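Chemist: Would you mind keeping the following structure in view while I ask a few things?
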Amino acid sequence: MRAPLDLAAPLTGAAGRFLTGVGLFLRGLGLYVRSPGLMLLGVVPALVSGALFIGAFATLAYFVDDLAALLTPFADGWSDTWRSMVRVVAGLALLGLGGLLGVVAFTAVTLVIGDPFYEKISERVEERFGGTPNAVDVPFWASLRHSAADSLRLVGLSVLFGVPLFAAGFIPVVGQTVVPVLGAAVGGWLLAVELVGAPFYRRGLRLPDRRAALSADRPTTIGFGTAVFVCFLIPLGAVLLMPAAVAGATLLARRTLGQPTTEG
């Protein structure tokens, strides 16, 4: 694979590139707002998987007190104040872990369910900015199989990162400040790697190629992914903004591969 960022070498610091990534998501949102057809294409599969994951997270929230008590038996003999504090922290850590895993898994499942819809959205964005150079014709079932396998790997990574973050959530102050920021960054990275799947497959590139390309400009990738991650945590945000995230991810893929992201 060619060096991905030769034509798009970042000229600003990490903070500037992070904001560039946020801007790519906002541009995807703009494309989405101006193209009602994209909304119709992308919202239907997101509604299906969104209903499942909202129900799962609501169930977690309902039982979070019981789960927190189950995970902190060592606090049973403590005073009411300290026991309550420990279990509140445990509950928040559980909800944080559930949010991270839920957003990544929601995105993975939605992309698999709606593969033809999101492929079409990505193609339309590419056509708007000059098309796809060296496009490869990937059969639908092969694309679906690869997408599902790659998504499972990324969900597995979210578990691998999420468990240590959950444990770190028990550290006073750090668990309530630094850990949520790290969780958003990790979740953002995984979301970005998932969402650029369609434009990379279209060029004959697989998951290792995605990771290598996006790693070359990690701040931009994390800026894009974190913006998506935070919006997906908003009630119904994931359902309504999934097409915008796919459109923005297509712009991220084009920028990463040194291809035009401006019309004309």
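Chemist: Kindly indicate which of Ala244, Ala249, Ala216 is within 11 Å of the chain's Cα centre (by Cα) and of a type outside the set (D, E, K, R).
Modeler: Ala249
Chemist: Please go through the range 86-136 and give me each residue that is surrounded by fewer than 21 Cβ atoms within 10 Å (Cβ to Cβ) and β-branched (Val, Ile, Thr), ordered by number.
Modeler: Val86, Val88, Val89, Val109, Val112, Ile113, Thr132, Val136
Chemist: What is the number of the single condition among (1) among the polar types (S, T, N, Q); (2) buried (at least 17 other Cβ atoms within 10 Å of the Cβ); (3) more than 30 Å from Glu123 (Cα to Cα) that Gln176 does not meet?
Modeler: Unmet for Gln176, out of (1) among the polar types (S, T, N, Q); (2) buried (at least 17 other Cβ atoms within 10 Å of the Cβ); (3) more than 30 Å from Glu123 (Cα to Cα): (2).
Chemist: Another one. With the structure loaded, tell me whether Tyr32 is aromatic (Phe, Trp, Tyr), farther than 24 Å from Arg124 by Cα and out of contact with any strand residue (DSSP E or B) (no Cβ under 8 Å at 6 or more places or on another chain) or whether it fails that test.
Modeler: no
Chemist: Mind checking which residues of the range 179-199 are out of contact with any Leu (no Cβ under 7 Å at 6 or more places or on another chain) and open to solvent by less than 10 Å² (accessible area, probe 1.4 Å)?
Modeler: Gly188, Leu191, Leu195, Pro199
Chemist: Just name the residue that is surrounded by the most Cβ atoms within 10 Å (Cβ to Cβ) out of those in the range 255-264 that are assigned to a loop (DSSP other than H, G, I, E, B) and in contact (Cβ under 8 Å) with a residue 60 or more places away in the chain.
Modeler: Taking the candidates together, the pick is Leu257.
Chemist: Going by the conditions given, is Thr226 open to solvent by 30 Å² or more (accessible area, probe 1.4 Å) and either within 16 Å of Leu100 (Cβ to Cβ) or more than 15 Å from the chain's Cα centre (by Cα) (or both)?
Modeler: Considered against the rule, which asks whether it is open to solvent by 30 Å² or more (accessible area, probe 1.4 Å) and either within 16 Å of Leu100 (Cβ to Cβ) or more than 15 Å from the chain's Cα centre (by Cα) (or both), Thr226 comes out as no.
Chemist: Checking the structure you have, find out if any residue of the range 105-114 is in contact (Cβ under 8 Å) with a residue 12 or more places away in the chain and either more than 14 Å from Glu194 (Cβ to Cβ) or in a loop (DSSP other than H, G, I, E, B) (or both).
Modeler: Checked the range 105-114: at least one residue is in contact (Cβ under 8 Å) with a residue 12 or more places away in the chain and either more than 14 Å from Glu194 (Cβ to Cβ) or in a loop (DSSP other than H, G, I, E, B) (or both).
Chemist: Right, next: Considering only the range 142-173, state which residues are open to solvent by less than 50 Å² (accessible area, probe 1.4 Å) and among the β-branched types (Val, Ile, Thr).
Modeler: Val155 - this is the single residue of the range 142-173 that is open to solvent by less than 50 Å² (accessible area, probe 1.4 Å) and among the β-branched types (Val, Ile, Thr).
The values are calculated or read from the model by the stated rules, or taken from the named source; none is laboratory data. Being a predicted model, the structure only gives us computed values, none of them experimental. Here Cβ is always computed from backbone atoms with ideal geometry, including for glycine, and neighbour counts include all displayed protein chains. Side chains are part of the model used for accessible areas, which takes the heavy atoms of the whole protein and leaves out ligands, DNA and RNA. Shrake-Rupley method; radii C 1.70, N 1.55, O 1.52, S 1.80 Å.
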